[in-house]
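Just so you know, all these numbers are worked out from the coordinates, no wet-lab data involved. Values in this document were obtained by computation on a predicted structure and should not be read as measured data. Neighbour counts are summed over all protein chains in view; Cβ atoms, including those assigned to glycine, are modelled from backbone coordinates with ideal geometry.
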């Protein structure tokens, strides 16, 4: 179908577009609620194929721009939503010269003649950290939707391409986009009291049933690096409580990484002279960029946050002061994030054979359970949830920090706070296998049973806040 025929069609249905949305109010509200989970309020958002702009307005963007091929649709959008910007445009030949935090293509990818060309155009409006979100109809629903059109329950649509997730993923790959997550939403698009909630919150999250849902969702990012790797700077945060015997080794053994490396010790009110040792080591190695802080509260999570708030470099790393993760392994993490292989780099202690006393048996079982639970919850592979070594961009941490209220602040370790936040922002999570060593000084500060119960609480909390939304 020619472009002019498409414009004629969409212009002809423009005046009734909002009426049809009201008829399908439950479906649209459910989808908007999910999109608000994916796209934090106050983000800059470009919606391509925006129609009359209702979805874009529901996202509360700080800068919202909508593009549609139909002048009539854009005219209505400008009148109804003057606080947003709307332009007539074709996604196969974008004329906009701005970058956005999020680019949304909802329900329109099947109307495009050359989808591969259209996806290539998305690079014009994407930064390295931009998320491209594509929502489209599950091809299994084609006969149902066509029947709904025939009996007047759905607005007439043009002949569309019906693409499974794998085909869209392949087109993204061909155009230098990497899929971060993909899945399905909305098993029942009409409202039936209690039944709709059961279908969409419970059944739609179970294997087999989720593939029967109406919507396919793909979240992708541009491939490549954010900054030339040789220019990236690094901050290593080392929480330390009763770790006096490991402080100097942490300084000696931590390699220089990137353009600059700083070490930030965050001391946790130790009883063994750890703070004095941190100050002594700082004075002994003046050529090193070392900062010594004393945390205000308690727990590793509190120490990590204080260190992150002080850090002045591009990349943030956590190194546990017990040195069970060797500092010599940190360049692997730095290379992975600086080269663009991932945006949240998580250590995994569960790949290589461990030293005999490195991890107690019950701890090992707990880690394996939580790895399976969180792979399901976060929709990215997580083998080791509690490895202390985690690496992310400073700018991404600030976004996690800004959205922390969504999950709350009940994680004393800091691991889950960061994992949840990274998953909600759809950061690409990559794991680096490390060899987990025995302690050479001090004793573990983890209580298997008390902390295990707390982690179970976090798992169910994440189930409610991430899956059952």
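Here are a few things to note about the model shown:
- For the chain, the relative contact order is 12 percent, taking Cα pairs closer than 8 Å that sit 6 or more residues apart in sequence and dividing their mean separation by the residue count.
- Calculated P(r) tail over 20 Å for region 64-134, as whole % of Cα pairs: 29
- Estimated 222 nm signal from helices in the chain, with DSSP H stretches of n ≥ 4 weighted -39500 (n - 2.57), rounded to 500: -10500 deg cm²/dmol
- Listed peptides 107-117, 179-189 by packing density, highest first (mean Cβ within 10 Å): 179-189, 107-117
- For residue 157 and residue 369, the difference between the fully extended length at 0.36 nm per residue and the C-alpha to C-alpha distance is 71.7 nm.
- Once the Cα-Cα distance is subtracted from the 0.36 nm per residue extended length, the residue 123 to residue 3 segment shows a gain of 41.0 nm.
- The tail of the calculated P(r) for the chain, taken as Cα-Cα distances beyond 44 Å, holds 22 percent of the pairs.
- Computed on the Cα atoms alone, the convex hull of region 3-222 gives a volume of 118 cubic angstrom per residue.
- Gain upon complete extension [residue 259, residue 409; 0.36 nm per residue less C-alpha separation]: 50.7 nm
- Packing, taken as the mean count of other beta carbons within 10 Å per residue, orders the peptides 286-294, 418-426, 209-217, 163-171 from highest to lowest as 418-426, 209-217, 163-171, 286-294.
- Ordering 457, 85, 22 from the fewest to the most neighbouring beta carbons within 10 Å gives 22, 457, 85.
- Share of pairwise Cα separations in region 139-209, more than 20 Å, in percent: 52
- Relative contact order (%) - criterion: Cα under 8 Å, at least six apart; region: region 1-122: 25
- FRET E, pair residue 203, residue 328, Förster distance 60 Å, beta-carbon r, rounded to 0.05: 0.80
- Sorting 343, 243, 149 from the fewest to the most surrounding beta carbons within 10 angstrom yields 149, 343, 243.
- Fraction of beta bridges assigned by DSSP in region 3-222 that are antiparallel (%, nearest 5): 40
- Sorted fewest first by neighbouring Cβ atoms within 10 angstrom, 406, 34, 102 come out as 406, 34, 102.
- Taking every alpha-carbon pair under 8 Å whose residues sit at least 6 apart, region 3-222 reaches a relative contact order of 18 percent.
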